[in-house]
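Scroll down for the structure; my scribbles are underneath it.
The values are calculated or read from the model by the stated rules, or taken from the named source; none is laboratory data. These figures come from a predicted structure and were not determined experimentally. Don't worry about glycine lacking a Cβ; one is built from the backbone with ideal geometry, like all the others, and counts go over all protein chains shown. These area figures cover heavy atoms from the full protein model, side chains too; ligands, DNA and RNA do not enter into them. Shrake-Rupley method; radii C 1.70, N 1.55, O 1.52, S 1.80 Å.
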Amino acid sequence: MTAAPASPSLNATAGRGTRAYPVQAATVSFDGVGKSFPAARGTKRGASAPGGGLRQVLSDVSFDVEPGQIVSILGPSGCGKSTLLRAAAGLSTATAGQVRIDGSPVSGIDPRCAVGFQEPRPLPWRSVTDNVAMGLPRGTPKADGGRRVAELIDLVGLTGSAGHRPAEISGGMAQRASLARALARNPGVLLLDEPFGALDALTRLKMQDLLLDVHAADPTTVLMVTHDVEEALYLSDRVILLGSRDPAGPAGIAEDIRIRVPRPRSREDAELARLRSHLLAQLGVEGH
Amino acid sequence: MSINTGPTRTIDRSRSVPEAERPGALGPATGSARGSGMPETPAPVRSRGSLLRAVARNKWLAGALGLALPVLILLLWHTLSSNGTFSPVQLPAPSTVLAAGVELAQRGDLWFNVAISVQRVVLGFLIGSTLGMVLGALIGLSRWASVLAGPTIGAIRAVPSLAWVPLLMLWIGIGENSKVTLVAIGAFFPVYTTVSAALKHVDRQLIEAARSFGITGLQLFFQVQLPAVLPSVISGLRLALAQAWLFLVAAELLGAAMGLGFLLTESQGNGRTDRLLLAILLLAILGKLSDALVGVFERWAARRWGAAPAA
Ligand SMILES: Nc1ncnc2c1ncn2[C@@H]1O[C@H](COP(=O)(O)OP(=O)(O)OP(=O)(O)O)[C@@H](O)[C@H]1O
Ligand SMILES: [Mg+2]
C-alpha cells in the first residue's frame, strides 16, 4: 500500500476539514416582508403620494428557504432584490413582517449570515489575502485561518494576486475576492448579491461550478440574487421571481419555481430550457 | 490504494480558474516580476524627458537639484550685499550672518533660544494635536457629539487665534504655559477639522461590509475608520505643525525673554539685521526638519496600519 502523493486536487479540507466551528445550515423564513423607503426628493409627497411620502418597494414577500438549499432571487433591475437580501442579513430592517433564521427574528447584523455584496467592497489598504481573512469567523486559530484563506484564494483563482491591493486587481478579480471573503465566514446562511455580475462569461461559468463544489462539500443555505436566468436555473433548487403587475407598485413574489433536475446538471438540459423560456417570458423577454 | 478514503468530498481544483487566466500570467514582463515576488518598480513615464526620469529614480540627484535654488539665492544675496546695492544694515552678507551665528553659538545664547522655542513647539504641538484627534474623532464618529458640541467648537474656531493672547496672558501669565497654550491652540484646529471631517466621510459601504463581518466598536475604528482617514490625519498634522511654528513666533514676538521670536524682536531693537536673518534661517530649517519628522511618522503609520497612500 502506497501513500497517495500530494494530490493537486483539493480534498475535503477546503470545504470543512479546517473548520474550527462547524456551522449548521440554517432555515431562513421570510414572513410577509415589506419595505418602504422615503420617497425621493422631487417626487410628489403627502396628499398625492399614498403612505405619506413613502415609496413601497417590497410587499408581502413570504417564503421559507430550507437548510442547505440554494435559492435564487430573480427580477428586473430595481425591483428590490438587494433590499430583500439586506433584510435577511440584518443590514436594514423590514418595514413590515420579519425575517427569521432558524426561527429567531433577525434584528441587526446577523452573525449567522455572510454577505457577498453587489459591489466587492474590499478594504483598499489591505492585500487580497488580508481582505479574505476579514471574513474568517472570530477566534479562528491563526494557522487554520491562514490555510483556509490560501485555499479559498486558490479556489477563486487569485493566488497570483494574493499580495496585491484592491486597486491593483480588476473588478472581476475583486468580485472573486469578495466571494472568497464571504465563503471564509463558513456561515449558516450565505447571502450573495449578484456574485458573478462583473465576471466575463467564461470565468462566470467556472465560478458557478465552483460555488456548486463548495456547496456540495459544505452544504450551507445559499440565498443568491441574480439577473441571469440561466445562472439561476443551473445553480438553484428553487427560483423566486420578484415582480409586480403595476410598474409603480411594490414587488412581490411573481413566481416560485422548484427545480427538481438532479445535479450535476447539464446546461443544455431540456427541463431547464423549458423553465428558461417560461421565466424569460415572465420577465417580458419574448421569442426565446 | 489511496489513503484518502472515507466519506470525504473532493473539490476538483481543475474547476478553479486556471493559472493562464490569472493576471500574473498576462505578459512575460509583468508575469516574471510578480511571480518571483520582486518589488515592482513603477514604470517610467515615457513622454517625459530622460533627465526627469533619472531624477525620479535617484533620490540623491533629486536632493542635489533641490539645493540648486538655495545656492543660487545665496550667491545673489552675496552679490547684492557686497557690491553696494544694499547697505550692511539693510542686508548683511551671508558670511556676516554666519559669523553672528557662530558668535551666538559660542556664547551659548543660540542653543538656548533654539532649545526653548523647540520645546514650546513640541509641547504645544503634542498637546494640541492630541486634543484635536480625540475631539475630532468624537465629533466625527458620534452624531450626538457632533450635534451638541460641533457648533460651539466651530464658533471658537472662528475667533482669530491671536485674539486669545491678551486673555491667556491675563489668565496664565506671561510664562511658559501661556506660550505653550497658544501653540496648542494653533495646532488643535487643523487636526480637529481634518479628522472630524474625514471620519464623517468614510465610505459607508466599507463600514457596512466590515460590520457585516462582525467588526464593530474599537475594532471598526482601528481596522477601518482610522486607516481610511490616515492620509487626512497626516495632512492635518502637517498643517498643525506649520501653525504651531506660526503661533510660537507670534507668542514670542508679543512678549518673551527668550526664544527665536525674542531673538527677532531684540535684534530689530538693536539693529542687528544679521541676527534677524539668522533667526529667520533657523526657523526655516527647524520648520523643514520637523516636517520631515512628520514624513517619517507617515511612513511608519503606513506600515503599521497598512493605510492607502494619499492619492
Ligand atoms: N437606501 C435607500 N433609500 C431609498 N431608496 C432605496 C434605498 N435602497 C434601495 N432603494 C430603492 O429600492 C428599490 C430597490 O432597490 P434594490 O437595490 O433592492 O434593487 P435591485 O433589485 O437589487 O436592483 P439591481 O438588480 O439593479 O441591483 C430601488 O428603486 C431603489 O431606488
Ligand atoms: Mg441589487
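A few comments on the model shown:
- If the condition is being more than 8 Å from chain B (Cβ to nearest Cβ) and more than 16 Å from ligand 1 (Cβ to nearest atom), then region A:177-198 contributes A:A177, A:L179, A:A180, A:A182, A:L183, A:A184, A:N186, A:P187, A:G188, A:V189, A:L190.
- Qualifying residue in region B:188-209 (condition: facing another protein chain (nearest Cβ under 10 Å), touching a strand residue (DSSP E or B) at 6+ places or on another chain (Cβ under 8 Å) and modelled with pLDDT of 90 or more): yes
- Within region A:30-51, tally of residues that are open to solvent by less than 90 Å² (accessible area, probe 1.4 Å) and at pLDDT 65 or above: 10
- Within region A:218-233, tally of residues that are open to solvent by 10 Å² or more (accessible area, probe 1.4 Å) and either within 14 Å of chain B (Cβ to nearest Cβ) or touching a Phe, Trp or Tyr at 6+ places or on another chain (Cβ under 9 Å) (or both): 4
- Residue in region A:160-170 that is surrounded by 20 or more Cβ atoms within 10 Å (Cβ to Cβ), closer than 28 Å to A:L283 by Cα, more than 14 Å from ligand 1 (Cβ to nearest atom) and among the polar types (S, T, N, Q) present: no
- Filter result for the condition that a residue is open to solvent by 20 Å² or more (accessible area, probe 1.4 Å), assigned by TED's automatic domain parsing to the domain that holds B:L162 and over 19 Å from the mean Cα position of the chain (by Cα), over B:L277, B:L260, B:L239: B:L277
- Candidate set from region A:270-288 (those that are assigned to a loop (DSSP other than H, G, I, E, B) and surrounded by fewer than 16 Cβ atoms within 10 Å (Cβ to Cβ)); member that is modelled with the lowest pLDDT: A:H288
- Filter result for the condition that a residue is in a loop (DSSP other than H, G, I, E, B), away from ligand 2 (no atom under 16 Å from the Cβ) and of a type outside the set (D, E), over A:R147, A:R126: A:R126
Each row is one residue, and each column tells you yes or no for (1) in contact with a Lys or Arg (Cβ under 9 Å, 6 or more places away or on another chain); (2) more than 20 Å from B:A158 (Cα to Cα); (3) open to solvent by less than 20 Å² (accessible area, probe 1.4 Å); (4) assigned to a helix (DSSP H, G or I).
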{"position": "B:N177", "(1), (2), (3), (4)": "no, yes, no, yes"}
{"position": "B:T181", "(1), (2), (3), (4)": "no, no, no, yes"}
{"position": "B:A184", "(1), (2), (3), (4)": "no, no, yes, yes"}
{"position": "B:Q205", "(1), (2), (3), (4)": "yes, yes, no, yes"}
{"position": "B:G214", "(1), (2), (3), (4)": "yes, yes, no, no"}
{"position": "B:L218", "(1), (2), (3), (4)": "no, yes, no, yes"}
{"position": "B:V229", "(1), (2), (3), (4)": "no, yes, yes, yes"}
{"position": "B:V233", "(1), (2), (3), (4)": "no, yes, yes, yes"}
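- Test: residue in region A:86-106 that is surrounded by 21 or more Cβ atoms within 10 Å (Cβ to Cβ), within 16 Å of ligand 2 (Cβ to nearest atom) and touching a residue at least 60 places away in the same chain (Cβ under 8 Å): yes
- Matching residues, region A:62-85, being within 14 Å of another protein chain (Cβ to nearest Cβ) and more than 9 Å from ligand 2 (Cβ to nearest atom): A:G68
- Residue within region B:149-172 that is closer than 17 Å to B:L199 by Cα, at pLDDT below 90, in a helix (DSSP H, G or I) and in contact with a helix residue (DSSP H, G or I) (Cβ under 6 Å, 6 or more places away or on another chain) present: yes
- The single condition among (1) in contact with a Phe, Trp or Tyr (Cβ under 9 Å, 6 or more places away or on another chain); (2) modelled with pLDDT of 90 or more that A:D154 does not meet is (1).
- Restricting region B:242-257 to residues that are of a type in the set (G, A, S) and open to solvent by 50 Å² or more (accessible area, probe 1.4 Å), the residue that is modelled with the lowest pLDDT: B:A257
- Only one of A:L123, A:L91, A:L136 that is at the interface with chain B (Cβ under 9 Å from one of its Cβ atoms) and within 16 Å of ligand 1 (Cβ to nearest atom): A:L91
- Neighbours by Cβ (under 9 Å, 6+ apart or cross-chain): first from region A:158-175, within 8 Å of chain B (Cβ to nearest Cβ); second surrounded by 19 or more Cβ atoms within 10 Å (Cβ to Cβ) and of a type in the set (F, W, Y): A:R165/A:W125
- Only listed residue being of a type outside the set (G, A, S), touching a residue at least 24 places away in the same chain (Cβ under 8 Å) and farther than 30 Å from A:R112 by Cα, chosen from B:P227, B:P231: B:P231
- Tabulated pairs, region B:200-215, first under 23 Å from B:A145 (Cα atoms), second part of a loop (DSSP other than H, G, I, E, B), C-beta under 7 angstrom, 6+ apart or interchain: B:Q205/A:E119; B:Q205/A:R121; B:L206/A:R121; B:L206/A:L123; B:E208/A:L91; B:R211/A:I109
- Failed criterion for A:M173 (all others in (1) hydrophobic (A, V, I, L, M, F, W, C); (2) surrounded by 24 or more Cβ atoms within 10 Å (Cβ to Cβ); (3) within 25 Å of A:T27 (Cβ to Cβ) hold): (3)
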